[in-house]
Amino acid sequence: MLLAIPVFHFLFLLIYIIRKNGFDISAGMATLYLITSLAGLILGNLDMDFNYENYSRIEIELLPIIVYCLCITICIYPFILYNSNKKRELLQIKNIDFFSKIVYFYFFVFIFLIVLFFDQLIFMFLYGDLGELRTMAYAGELSTVIDSLSGFPRRIAGIMTIFGDGANMMIPFFFYSFTRLNKSVKFNFLILISSLSPVLLGIVNVDRSKTTFWILLFFMSFLFFKQYIVTKKQKRIIKIFCLVFGGALLLYLAAVTISRWDDTDQGVLYNVLCYLGQPVINFCNIWSNLPDNQFYIHRIFPFYSLIGDEYDKFNEFIINGYLKNGVHLNVFFSFVGMFLVDMGHYAAVIISIIIALLELSVLRKTRLKRSVSMKDVVIVFALGSIVQCGIITYFYGSIPRILAVFIFLILSKYLKKRSIN
């Protein structure tokens, strides 16, 4: 019953946070890991054969359980200290016109991607079987329109997809506009639409992770800004936005999930449980059975892929992980699990400590202030994404997401300056 340890650990952590801060972003993070740990406990005691494993037959050891809990907790701790529920003034940006231009640009990116992938989206809608399409996508049999382009059009399409893949950063822009700028409902609607480009790119590849990331990041942003949502009108509008956008995205997730798992022996609900409970079990299984002699950096530091090519060796490593050690490595294992798979046992701990120290250093400057600037919002959102989306994997394993952080940090700097007419 060692799988009960993470459940009680994150339960007590959540209770501690709520008593100290109320339900802030750190409480939201702890809740997510509590849910996945509880699902892991159930999954680990369920004698049922799933696609990859019968998880009840995996031997769980104490050491990886402790490492899993501690590495995640030290990365949550800086956000406990920050306390997003603390009363801070939300500062007004000076260059509202520039803010609007950012919104219109990312809305244009979304429309561009809609037009670019329109025929493919229609094909997918008419095809109907999302489960089969997803299988085709994983097998490399589902090409996109970009594959048929060449020269300048391909470069333009590539650049726009890079901007689109980093548009998650528009989510805090939506909440900032909604709570501080008092912009119209139509304008705020455009901001939220502009943030959906990653979801659109995920749909094109019949991928659920980008939609899940969007929902997780929206939830984190809501917890950050909820103290500024004070009027009845604001509360009513935000409920409508949540119902419309959240409902649509959950419907898509449900459609893909049902299409893929409805005809399996386990059914949809048990496979959802399998997805939720995998991270902690997979982490422990990999820790106990994978030799510590690998070192791959292209997923943790994706810019390395521009100068080095280790994909073939890494793919061989993934295959051998199962053939030689009986361990599936292309699975959900949390952000700490990503470090474990790619760089080994010591790296999983060391990188987690580095992330925690980075969070402590950066957030210390913002938590001591009595106000919150747009730059502070971007920083908290960027760092929080590691832990918030880390229930699945390491969020910044792609170049567009890293570029988006730097782009929005630069943009937030210019938002502080007054516009020059």
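List of remarks:
- Spatially near lysine pairs across the range 266-421, Cα under 18 Å, sequence gap of 8 or more or different chains: 9
- Fluctuation leader among F98, F283, F152 - the chain, Gaussian network, Cα springs under 10 angstrom: F152
- Per-residue ellipticity at 222 nm computed for the chain from its helices equals -22000 deg cm²/dmol, with DSSP H segments shorter than 4 residues left out and the rest contributing -39,500 (n - 2.57).
- Percent of C-alpha pairs per 10 Å bin in the chain, short distances first: 4, 20, 31, 28, 14, 2, 0.
- Under 5 Å, built H, 5+ apart or other chain: amide partners of L90: V372
- For the range 91-263, diffusion coefficient by Stokes-Einstein and Kirkwood Rh (Cα), 20 °C, 1.002 mPa s, µm²/s: 123
- Straight-line cross-link partners of K226 among the lysines, defined as a Cα under 16 Å from its Cα and at least 8 positions apart when in the same chain: K86, K87, K235, K239.
- Kyte-Doolittle mean at least -1.0, axial Cα span of 27 Å or more - DSSP H helices of the chain: 25-44, 62-82, 96-116, 267-289, 345-367
Just so you know, all these numbers are worked out from the coordinates, no wet-lab data involved. What you see is a predicted model, and the numbers here were worked out from it, not measured in a lab.
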